[in-house]
Amino acid sequence: MSVYIQVTTAIDSVELAKHLQEMLLQQRLAACVQLSGPVESQYWWNGILETTLEWVLTLKTTQAFYTRIESLLLAHHPYTTPEILVTPILQGNLAYLEWIDSELEQI
């Protein structure tokens, strides 16, 4: 049985967010990539409190694809230190989880 995860990243350009979304799906690294936003992010960067509008990508995938996802995001993300976080999916609708597997198996 697969180990299911959600991978989250945020970016300050809707155009680039959509480009990342398409690349991830075309390469079958995720079965679904949700794009949300804009959201207002506040954070410390180099000692300064920053405020940025960002778009959030949430990927539905499996642990087996994480290394390739991280490599793609690091190669195409404009941030020096992009947010790339993994959340385990501990339970879920079995039919939905099987659908994730079926979409990722088509590589």
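None of the figures in this text is laboratory data; all of them are computed from the coordinates on show. Source: prediction; values computed, not measured. Heads up, the Cβs are rebuilt from the backbone with ideal geometry, glycines too, and the neighbour counts pull from every protein chain shown.
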- Query: What ranking, highest mean first, results for peptides 11-20, 73-82 when packing means the other Cβ atoms within 10 Å averaged over each residue?
  - Reply: 11-20, 73-82
- Task: Using only Cα atoms, tell me the angle between helix 94-104 and the longest principal axis of the chain; keep it within 0 to 90° and round to the nearest 10.
- Result: 80
- Counting only the backbone N, which residues of segment 68-82 are under 14 Å from the spot 7 Å out from the Cα of ASN46 toward its beta-carbon? 79-81
- Highest-first arrangement of 86-97, 22-33, 51-62, where packing means the average Cβ count within 10 Å: 51-62, 22-33, 86-97
- Task: Express in nm, to one decimal, how much length is gained between VAL39 and ALA64 on full extension, taking 0.36 nm for each residue of separation and deducting their alpha carbon distance.
- Result: 6.1 nm
- Message: Take ALA75 and GLN106, extend 7 Å from each Cα along the Cα→Cβ direction, and tell me the distance between the two endpoints in nm.
- Response: 2.2
